[in-house]
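Report on the following structure.
The values are calculated or read from the model by the stated rules, or taken from the named source; none is laboratory data. Bear in mind the structure is a predicted one, so any value in this text is a computation, not a measurement. Using ideal geometry, Cβ is built from the backbone for each residue, glycine included, and neighbour counts are taken over all protein chains shown.
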Amino acid sequence: MLSPRSLRINNGELMLSDSAFGPDVHYAGFTLVLDPSDVAEGQRWFDALAVGGRIEMAWQETFWAHGFGKVVDRFGVPWMINVVKQG
């Protein structure tokens with residue numbers, strides 16, 4: 001069992017904890033969303049989360065974002081990385 005931790009990302013803070021219910025936990029009903037400051041940073045985060053995981057939507061430009069992708073990390077946690085187009 002690990003003690004809770006926090007991760008600072010730009011001006012935000014993400015609080016983390018392992019499961020108190022054992023190692024066989026299945027995540028459902030949520031997605032964590034990260035909003036990096038630029039496309040290069042977003043691509044790095046996406047690539048890092050994809051290692052050992054599953055890409056659900058490849059990193060790409062969309063009509064709303066300079067860069068966007070969906071990935072499930074190696075622990076089964078779903079993520080969206082989104083570099084929003086301003087204006």
Open item on the list: Can you tell me which of (1) at pLDDT below 95; (2) over 23 Å from PRO4 (Cβ atoms); (3) not basic (Lys, Arg) is the one ASP47 doesn't meet?
Closed with: (1)
Task: Checklist (1) within 15 Å of ARG74 (Cα to Cα); (2) out of contact with any strand residue (DSSP E or B) (no Cβ under 8 Å at 6 or more places or on another chain); (3) at pLDDT 95 or above applied to ASP24, failing item - done: (3)
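Pull up the stretch 61-87, narrow it to residues that are in a strand (DSSP E or B) and in contact with a Gly (Cβ under 7 Å, 6 or more places away or on another chain), then point me to the one that is surrounded by the fewest Cβ atoms within 10 Å (Cβ to Cβ).
Looking at residues that are in a strand (DSSP E or B) and in contact with a Gly (Cβ under 7 Å, 6 or more places away or on another chain), I get VAL72.
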Open item on the list: Being in a loop (DSSP other than H, G, I, E, B), exposed (fewer than 12 other Cβ atoms within 10 Å of the Cβ) and not charged (D, E, K, R) is the filter here; which residues of the stretch 30-60 pass it?
Closed with: PHE30, SER37, VAL51, GLY52
